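Colleague: Once you've had a glance at the structure underneath, I'll fire off some questions.
The values are calculated or read from the model by the stated rules, or taken from the named source; none is laboratory data. Remember, it's a predicted structure, so these values are computed and weren't measured experimentally. Note that we place each Cβ from the backbone using ideal geometry, even for glycine, and neighbour counts take in every protein chain shown. The area values use the complete protein model at the heavy-atom level, side chains included, leaving out ligands, DNA and RNA. Shrake-Rupley method; radii C 1.70, N 1.55, O 1.52, S 1.80 Å.
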Amino acid sequence: MTAIAEAVRAGELPGRVWMYSNYHCNLACSYCLTESAPKVSKRELTSEAMIGVAHDAADLGFTALGVTGGEPFLLPDMAHRLAELGSILPTVGLTNGTLFTGRRLDAAEELAGTDVALQISLDSADPDVNDAARGPENFAKVVAAIPALVERGVTVRIATTGQDPDAVAAARLCALHRDLGVPDEDHVVRPIINRGRAAEAGMGVDVTESDLPAELTVTADGAFWSPFGPTVVAGQLDTDLLLTRTTVPLRVPAQTLLGLLQGRPAGADSTLNIR
Amino acid sequence: MNTAGALVTAATPRVPLLDAASAPLTARRYFSDGDPGPIVAALASVPELLEVTLPFLSTVLSASALDARTKEIVIVRTSAVQECRYCIDAHSVVALDTGLTVAEVRTLSERSPASLPDEREAALLAWIDAVAGATGPVQDSVAARLGASYRDYEIVELTLLIGATMMLNRFCTALSLPTSTEVTMRLTEEGLV
Ligand code: SF4
């Protein structure tokens, strides 16, 4: 067993490896960590690179994968990529949920019955509140997409991001996600993080690495401590949570991450519930 | 006038120089005592390289079996042959602090052939000029002259020091790393700018 596998099994190292498939997005949310928008640098990972990371992760003893962006489903083959990843390790794919119509919705059917869950952002049961941060028509598109995906057998989770997570998790939102076919255990609530566009707007909670789960995160620009690491401010990638520029083989950043964790003082874990 | 002082001074670095706030996790310790200088600040963008390069450079460039004066002669002279503004400036200050005179530093930092009265150091300068200032084999006569003054293991170390300095010279020059204000002020005070 590798040292990584032992650390994952012992709970010292989180089991999930994240990948930033791309940084561009059809939306431009006010709190976006990556300053994503339609015209930003795409910073894409190829399908081959992502499958390679997944195999490396499995060989090292990691137990799950995550894909985020940007909006991963702007890449036309994303449903197929996720299905392939899910055949290697259980995978969660983060999406804004606004693109599931027509061919993309049909393509997403490939995820039915696989070990892949889609995690869709929905911030409020109030369309105006939700759309203020995430853009016009966002609410309507998301509440149409979720049941359409659920009907097709795709596992869907909902992620709610807010200035005051307790307030946004209010009863109305929970009633809504249940109505949409998403059970309570698949609803994640998390605070806005003061990085990326949120930092420029003065929003969110300040975090350091001890507040963020040490989930190894691979991007086109290197490997980071946590998917909240490779954020972008004023078009520049943040490097404070960079582990290594080397991502292949994955053991290089994985060992760096493990070394940092093992050198960390006891009790350094955060209570901020950032997932 | 110091010939090296006539070289084009780098204006803007060609890569980001990270600071304490942007330093990656494993690089942070190099920033804990303040600005570590532009070589570390540039290398910090690739932390896994910083992790191996810095201990190597520190071992090769700092105190060792060779005396500090000899090492600074090698570094300043190699940097002059390579026309590295950043390294000439930074190590002229170190050389002065090590005890070299202003006149010696001026001689070493000129692009034209340098000479020192001591035969041991003159043989060393010839070796540096042959290794850092040319490509291809080094003449037997230059090696024999060096061998008359230095033991084999010292020649190994001297030659690695020249090579490491050349690596730094090209790194700093190609990336236009800037000389610090403190160094420029000191060199101005000493009449070396
Ligand atoms: S928060 Fe997500 S959906 Fe919004 S702009 Fe950023 S990547 Fe796109």
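Colleague: Please name whichever of A:Ile120, A:Val207, B:Leu175 sits farthest to the positive end of the charge dipole of the protein assembly as shown, dipole taken about the Cα centre and charges placed at Cβ: Lys and Arg +1, Asp and Glu -1.
Modeller: The residue sitting most towards the positive pole is B:Leu175.
Colleague: Just want to confirm a number: the relative contact order over chain B, from Cα pairs under 8 angstrom separated by 6+ residues, in percent.
Modeller: 31 percent
Colleague: Can I ask one more? If we restrict to alpha carbons, what Rg and Dmax does chain B come to, in Å?
Modeller: Cα radius of gyration and Dmax of chain B are 16.8, 53 Å respectively.
Colleague: Could you compute how fast the protein assembly as shown diffuses translationally, taking Rh as the Kirkwood radius over C-alpha pairs and applying Stokes-Einstein at 10 °C with viscosity 1.306 mPa s? Give it in µm² per second. It would help to have the intermediate numbers written out before the result.
Modeller: Working: Rh = 25.5 Å.
D = 62 µm²/s.
Colleague: Limiting things to C-alpha atoms, what are the Rg and the maximum Cα-Cα separation (Dmax) for chain A, in angstroms?
Modeller: Expressed in Å, the Cα Rg and Dmax of chain A come to 17.7, 51.
Colleague: With the alpha-carbon atoms as the only input, what is the per residue convex hull volume for region A:178-228 in Å³?
Modeller: Cα-based convex hull of region A:178-228, divided per residue, equals 141 Å³.
Colleague: Averaged across the residues of B:40-46, what count of C-beta atoms belonging to other chains lies within 10 Å of each residue's C-beta?
Modeller: That works out to 2 on average.
Colleague: To the nearest 10 Å², what's B:Leu66's accessible area with a 1.4 Å probe?
Modeller: 10 Å²
Colleague: In debye to the nearest 20, how big a dipole does the protein assembly as shown give about its Cα centre with +1 on each Lys and Arg Cβ and -1 on each Asp and Glu Cβ?
Modeller: Values: 35 positive and 58 negative charges, 115 e Å.
Dipole size: approximately 560 debye.
Colleague: Which ³J(HN,Hα) values, rounded to whole Hz and listed in residue order, are derived for region A:107-121 from phi using the Karplus coefficients 6.51, -1.76 and 1.60 in 6.51 cos²θ - 1.76 cosθ + 1.60 with θ = phi - 60°, glycine and proline given as x?
Modeller: Per residue, the Karplus-derived 3J(HN,Hα) values read 5, 5, 4, 4, 7, 4, x, 9, 8, 10, 10, 9, 10, 10, 7 Hz.
Colleague: Still on this structure, I have one more. Each residue of region A:76-93 in order: what ³J(HN,Hα) in whole Hz does its phi give by Karplus 6.51 cos²θ - 1.76 cosθ + 1.60, θ = phi - 60°, with x for Gly and Pro?
Modeller: x, 9, 4, 4, 5, 4, 5, 4, 5, 4, x, 7, 9, 8, x, 10, 10, x
Colleague: Counting only DSSP beta bridges with both residues in the protein assembly as shown, tell me the antiparallel percent, nearest 5.
Modeller: Once the DSSP bridges in the protein assembly as shown are tallied, antiparallel ones form about 25 percent.
Colleague: Per the Kirkwood treatment, what hydrodynamic radius in Å, one decimal, follows for region A:1-159 from the mean inverse distance over all distinct Cα pairs?
Modeller: Across region A:1-159, the inverse of the average 1/r is 16.2 Å.
Colleague: A further question follows. Quick query: amide H of B:Tyr150 versus all other amide H atoms, modeled in the peptide plane; which residues come in under 5 Å with a sequence gap of 5 or more or a different chain?
Modeller: Counting only residues 5 or more places away or on other chains, the set is empty.
Colleague: Can I ask one more? B:Glu182 label point, 7 Å along Cα→Cβ, cut-off 14 Å on backbone N: hits in region B:88-104?
Modeller: Counting only backbone N, you get B:90-91, B:93-94, B:97.
Colleague: Determine the distance separating the Cα centre of region A:222-240 from the Cα centre of region A:113-152; give it in Å without decimals.
Modeller: The two parts, judged by their Cα centres, are 26 Å apart.
Colleague: Per-residue HN-Hα couplings for region B:166-180, Karplus 6.51 cos²θ - 1.76 cosθ + 1.60 at θ = phi - 60°, whole Hz, x for Gly and Pro?
Modeller: Coupling constants for region B:166-180: 4, 4, 5, 4, 5, 4, 5, 6, 4, 8, 6, 6, x, 5, 6 Hz.
Colleague: Which value does Rg/Rh take for region B:15-128 over its C-alpha atoms, Rh per Kirkwood?
Modeller: 1.04
Colleague: Among B:157-169, A:61-73, what's the highest-first ranking by average C-beta atoms within 10 angstrom per residue?
Modeller: In decreasing order of mean packing, B:157-169, A:61-73 become A:61-73, B:157-169.
Colleague: Still on this structure, I have one more. Could you give the size of the charge dipole of region B:98-146 about its Cα centre, using +1 on the Cβ of each K and R and -1 on the Cβ of each D and E, expressed in debye and rounded to the nearest 20? Each step should come with its number before you reach the end.
Modeller: On the way: 4 positive and 7 negative charges, 21 e Å.
Magnitude of the dipole: close to 100 debye.
Colleague: Right, here's the next one. Whose amide H sits under 5 Å from the amide H of A:Ala117, counting only residues 5 or more places off or on another chain, with H placed in the peptide plane?
Modeller: Counting only residues 5 or more places away or on other chains, the set is A:Thr91, A:Val92, A:Gly93.
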